[in-house]
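*Asks:* I'd like to ask you about the structure that follows.
The values are calculated or read from the model by the stated rules, or taken from the named source; none is laboratory data. Keep in mind it's a predicted model, so treat the numbers as computed, not measured. Backbone-built Cβ (ideal geometry, glycine too); neighbour counts: all protein chains shown.
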Amino acid sequence: MPKRNRLIALGGAAVGLTAGIVAERVAVKRRRRDDPEADEPFGTRRGDRKRFIDLDDGARIFVEETGPRSRKGVIFIHGSALRTDLWHHQMSIPGRRLIFYDLRGHGLSQPKGDSEYSIETLTTDLLTVIENAELDEVVLVGHSVGGMIALHLCARRRELLGSTVKGLVLAHATHRPAIETIAGGASVARLERLIRRPFDALGGQHERIDRFRRIVRPSDAIFWGVSFAAFGPDPSAKQVDFTYDMVAETSSDVVFDLFKAYRGFDVTDELGTITVPCLVLSGTHDRLTVPEASLYLAEHLPKAELHVFEDAGHMSMLEEHEEFNTMLESFFDDTMGR
């Protein structure tokens, strides 16, 4: 009898699992079918002008830009494991010189160079992009780690504030180690400290990891994972797929480098010195940088305005792109004039 009960239980579990998988596939198909962004050509919009910057340590930075050739401009800094394509909807903002670049090791910015992969190095790269573009005035728009880089630049090079750097847009950014401002931050941070050595050792196997990633086909489970982690409820399936593709195409060694780079980042005590206007953006469902981090930034930056997108996750520049762009245009007018 016990054996029979176990078989019945296993059979019931199998039926339940199968039903769950079927329901999941039906839900994904429905979301794809009803997606208002289904025909949006993500990944195909490019800048009018493109170039590479070769750095002394062997790194090569890809830059593209749109708009007039002005000495006033906006530099967009994408988040971890993404690339300039992230700013698909922002590339069409009219009337401004808009500059986009891939962080070293991301997208077309290859090779990543021999320098230590750190926030300090990424900040130096941003300075190089500003100088290469010959900008007298600039607004920095940073998403996630891009916002951390922009904050680090302002904290370390205060002489640029007000003269060259006219304002900051901090989208889903944080002021301290990113692992501490992810959902469940305190517990996740403790776990990260416990597994830090084996995790870093695993990074040494990045070539094997990348070979494995190349043979793993995107599944409904991966779709739901990206959807849950990076987006708000009921996101566009096309946007989820687009985000997954960018992450999947980023080399594993760069991902491991980023995790290590986050550990030493903390500008909490210097926020009061960043005196340029700041637009701080977050989403009510952001699980990768919780809204509380944006609230802290808005409360401690002297000239900050906070906006939280309802029902958005970590990707508001995609999820709420029309409102996002309207807010950017207004901020650019306020900081650099019309």
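*Asks:* Pairs under 8 Å by beta carbon, first residue without any contact (Cβ under 8 Å) to a residue 24 or more places away in the chain in segment 147-161, partner part of a helix (DSSP H, G or I) and of a type in the set (A, V, I, L, M, F, W, C), six or more apart or different chains?
*Replies:* LEU160/LEU153; LEU160/CYS154
*Asks:* Looking at segment 154-161, can you tell me whether even one residue there is among the basic types (Lys, Arg) and part of a helix (DSSP H, G or I)?
*Replies:* yes
*Asks:* Answer with yes or no whether VAL267 is among the β-branched types (Val, Ile, Thr) and within 25 Å of HIS88 (Cβ to Cβ).
*Replies:* no
*Asks:* Inspect segment 266-279 for any residue being in a strand (DSSP E or B), farther than 18 Å from LEU82 by Cα and either of a type outside the set (Asp, Glu) or not assigned by TED's automatic domain parsing to the domain that holds ILE93 (or both) and give the result as yes or no.
*Replies:* Among the residues of segment 266-279, at least one is in a strand (DSSP E or B), farther than 18 Å from LEU82 by Cα and either of a type outside the set (Asp, Glu) or not assigned by TED's automatic domain parsing to the domain that holds ILE93 (or both), which makes the answer yes.
*Asks:* If you scan segment 77-108, which residues turn out to be hydrophobic (A, V, I, L, M, F, W, C) and on the phi > 0 side of the Ramachandran plot?
*Replies:* The answer is ALA81, and nothing else.
*Asks:* Just to be sure, is THR243 surrounded by 15 or more Cβ atoms within 10 Å (Cβ to Cβ) and either closer than 21 Å to GLY43 by Cα or touching a helix residue (DSSP H, G or I) at 6+ places or on another chain (Cβ under 7 Å) (or both)?
*Replies:* When the stated conditions are applied, THR243 passes them.
*Asks:* Right, next: Which helices (runs of 4 or more DSSP H) sit wholly inside segment 166-234 and have at least 3 residues that are modelled with pLDDT of 75 or more and outside the structural domain of LEU140 (by TED's automatic domain parsing)?
*Replies:* In segment 166-234, no matching helices (runs of 4 or more DSSP H) lie anywhere.
*Asks:* Would you pick out the residues in segment 298-325 that are more than 20 Å from the chain's Cα centre (by Cα) and without any contact (Cβ under 8 Å) to a residue 24 or more places away in the chain?
*Replies:* GLU299 - this is the single residue of segment 298-325 that is more than 20 Å from the chain's Cα centre (by Cα) and without any contact (Cβ under 8 Å) to a residue 24 or more places away in the chain.
*Asks:* Moving to a separate point now. Looking at this structure, is ALA293 more than 12 Å from THR174 (Cα to Cα) and in contact (Cβ under 8 Å) with a residue 24 or more places away in the chain?
*Replies:* no
*Asks:* Quick one: which of TYR101, TYR117 is aromatic (Phe, Trp, Tyr), buried (at least 23 other Cβ atoms within 10 Å of the Cβ) and under 25 Å from SER252 (Cα atoms)?
*Replies:* TYR101
*Asks:* State whether the residues of segment 137-158 include one that is farther than 22 Å from LEU86 by Cα, crowded, with 24+ Cβ neighbours inside 10 Å and in contact with a Lys or Arg (Cβ under 9 Å, 6 or more places away or on another chain).
*Replies:* Scanning segment 137-158 turns up no residue that is farther than 22 Å from LEU86 by Cα, crowded, with 24+ Cβ neighbours inside 10 Å and in contact with a Lys or Arg (Cβ under 9 Å, 6 or more places away or on another chain).
*Asks:* VAL247 - would you say it is farther than 22 Å from HIS106 by Cβ and among the β-branched types (Val, Ile, Thr)?
*Replies:* So VAL247 does not fit the description; no.
*Asks:* Of the residues LEU86, LEU127, which single one is aliphatic (A, V, I, L, M), over 18 Å from the mean Cα position of the chain (by Cα) and assigned to a helix (DSSP H, G or I)?
*Replies:* Checking each option against the conditions leaves just LEU127.
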